[in-house]
Amino acid sequence: MSERSPEEVLWNLNRGALATRALGVVADLGVVRALAAGPRPVSEIAHEVGADEETLYRFLRALACDGVFVEDEPGVFRNTEASELLETGWGEFAHLFGGVFYQAVAHLDASGTSPFVRVFGADFWSWLEAHPEERAAFDRAMEQGKERRVERLAPVDWRGDETVVDVGGGNGSLLVELLQLQPGLCGIVFDLPETVRDEAALGDRVEFVSGSFFERVPEGDVYILSTILHDWDDEPATAILRTIRTAARPDSRLLIIDQVVPSGNEPGGGKWLDLLMLALAGGKERNEAQWRELLGAGGWEPSRFHEGLIEAIPA
């Protein structure tokens, strides 16, 4: 594969916002569902989803050049493996990235502060609470990739009969998946009361407990923070860790599923995700040294760093 030219590097970065918005639009329109039975003329798709035919064609043509949809013949499109993912949690991500995330990022600057409150009049979490449909989309999006997050827990030495508290666990999908693999465990999903969930789907071994992790968390043997701390700057992230440390027993363990940003020029999705966290909530991704400092301030001592997983014990 030939190395990209400097112009191509910059063009791909500059057009990124257009791709994000286009993907969000077609996801919200339901184009993938309209193509579920096979290739169709864009005129039929546009009529079905309520879009302007020429404009929709231009969206699909652009996305097809990056492997999302295929134009089999002039004006006739079909799905690809990539577009079909939009019928999973990736569709919720496309909605968020092309909508509220897109608007927040458009106002990101180098001041060091999140633009979200300035743009929307409330912090990200309060805004989600005030917009239940967006909260539901967010919770469904966070379910995406639960299998990979559970895989990250594979190196953990489970003791067999522990109570696992998933702090900020959303709809419980991660914990349910984990307990299927570890039949001796039971669990508690701890999150805000407005979290969209199906408690019946949690099963007999999982309980949902509502509350704020800035105030208290339930007692448990193992605490999981799955992509939670990156939502927060150091001061509130430290407060979350201290809340858990207060509830934890001397032999409790903390498992953090989050990025450890690589050094230097090494590629890493966390380096881009870091900017999104800044735009939405003033959060940040962290390198190993920053994780060690944060955990120490929160009353924890890191015991092992894995790929996408940090194990810690009470300090």
Q) residue 213: under 21 Å from residue 126 (Cβ atoms) and either over 17 Å from the mean Cα position of the chain (by Cα) or assigned to a helix (DSSP H, G or I) (or both), yes or no? A) yes
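Is at least one residue of the range 47-59 within 27 Å of residue 282 (Cβ to Cβ) and either among the hydroxyl-bearing types (Ser, Thr, Tyr) or more than 28 Å from the chain's Cα centre (by Cα) (or both)? Before the answer, list the steps.
Just the residues of the range 47-59 that are within 27 Å of residue 282 (Cβ to Cβ), to begin with: none.
Checked against the condition, which is being within 27 Å of residue 282 (Cβ to Cβ) and either among the hydroxyl-bearing types (Ser, Thr, Tyr) or more than 28 Å from the chain's Cα centre (by Cα) (or both), the range 47-59 yields no hits at all.
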Q) Checking residue 89 against (1) over 24 Å from residue 144 (Cα atoms); (2) in contact with a Lys or Arg (Cβ under 9 Å, 6 or more places away or on another chain), which test does it fail? A) (1)
Q) What's the number of the condition residue 228 fails, among (1) of a type outside the set (Asp, Glu); (2) crowded, with 19+ Cβ neighbours inside 10 Å; (3) over 14 Å from the mean Cα position of the chain (by Cα); (4) under 25 Å from residue 164 (Cα atoms)? A) (3)
Q. What is the one condition in (1) at pLDDT 95 or above; (2) more than 21 Å from the chain's Cα centre (by Cα); (3) part of a helix (DSSP H, G or I) that residue 200 does not satisfy?
A. (1)
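Looking only at the range 137-157, filter to residues that are assigned to a helix (DSSP H, G or I) and out of contact with any Asp or Glu (no Cβ under 9 Å at 6 or more places or on another chain); which one of those is modelled with the lowest pLDDT?
As a first pass, look at the range 137-157 and keep what is assigned to a helix (DSSP H, G or I): 137-143, 146-152.
In the following step, the residues that additionally are out of contact with any Asp or Glu (no Cβ under 9 Å at 6 or more places or on another chain) were identified as 148, 151.
Working: 148: 85, 151: 89.
Selected residue: 148.
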(Q) Which pairs turn up if I take residues in the range 171-200 that are within 16 Å of residue 227 (Cα to Cα) and look for partners that are aromatic (Phe, Trp, Tyr) with beta carbon separation below 6 Å, at least 6 apart in sequence or on another chain? (A) 189/208
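Would you confirm, using the coordinates I've provided, whether residue 221 is under 17 Å from the mean Cα position of the chain (by Cα) and modelled with pLDDT of 95 or more?
no
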Q: Go through the range 251-284 and count every residue that is acidic (Asp, Glu), surrounded by 13 or more Cβ atoms within 10 Å (Cβ to Cβ) and farther than 17 Å from residue 231 by Cα.
A: 0
Q. Here is a list of conditions, (1) within 18 Å of residue 20 (Cα to Cα); (2) out of contact with any helix residue (DSSP H, G or I) (no Cβ under 8 Å at 6 or more places or on another chain); (3) not hydrophobic (A, V, I, L, M, F, W, C), and residue 74 meets all of them except one; can you say which number that is?
A. (1)
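One residue is enough: does the range 207-214 have a residue meeting the conditions in contact with a helix residue (DSSP H, G or I) (Cβ under 7 Å, 6 or more places away or on another chain) and loosely packed, with under 15 Cβ neighbours inside 10 Å? Steps first, please.
Taking the range 207-214 and keeping what is in contact with a helix residue (DSSP H, G or I) (Cβ under 7 Å, 6 or more places away or on another chain), we get 208, 213-214.
Still in the running and loosely packed, with under 15 Cβ neighbours inside 10 Å: 214.
Yes, the conditions are met somewhere in the range 207-214.
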Q | The listed residue being free of Cβ contacts under 8 Å to residues at least 40 places away in the same chain and more than 13 Å from the chain's Cα centre (by Cα), out of 124, 116, 120 | A | 120
Q) Which one of these does residue 231 not meet: (1) under 16 Å from residue 294 (Cα atoms); (2) out of contact with any Leu (no Cβ under 8 Å at 6 or more places or on another chain); (3) of a type in the set (D, E, K, R)? A) (2)
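Scan the range 87-97 and give yes if some residue there is more than 15 Å from the chain's Cα centre (by Cα) and outside any strand (DSSP E or B), otherwise no. So that I can check it myself, show each step before the final result.
Of the range 87-97, the ones more than 15 Å from the chain's Cα centre (by Cα) are 87.
This time we only want the ones that are outside any strand (DSSP E or B), so: 87.
Yes, the range 87-97 contains at least one residue that is more than 15 Å from the chain's Cα centre (by Cα) and outside any strand (DSSP E or B).
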Q) Can you pull out the residues in the range 285-315 that are surrounded by fewer than 21 Cβ atoms within 10 Å (Cβ to Cβ) and of a type in the set (Lys, Arg)? A) 292, 304
Q: Would you be able to tell me the number of residues in the range 39-67 that are buried (at least 17 other Cβ atoms within 10 Å of the Cβ) and either in contact with a Leu (Cβ under 7 Å, 6 or more places away or on another chain) or assigned to a strand (DSSP E or B) (or both)?
A: 6
Q. Counting just the residues of the range 167-185 that are in contact with an Asp or Glu (Cβ under 8 Å, 6 or more places away or on another chain) and not aliphatic (A, V, I, L, M), which one comes out nearest to residue 100 (Cα to Cα)?
A. 170
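The values are calculated or read from the model by the stated rules, or taken from the named source; none is laboratory data. Note that the structure is predicted; figures quoted are calculated from it, not measured. Counting neighbours? That spans all protein chains shown, and the Cβs are built from the backbone with ideal geometry, glycine included.
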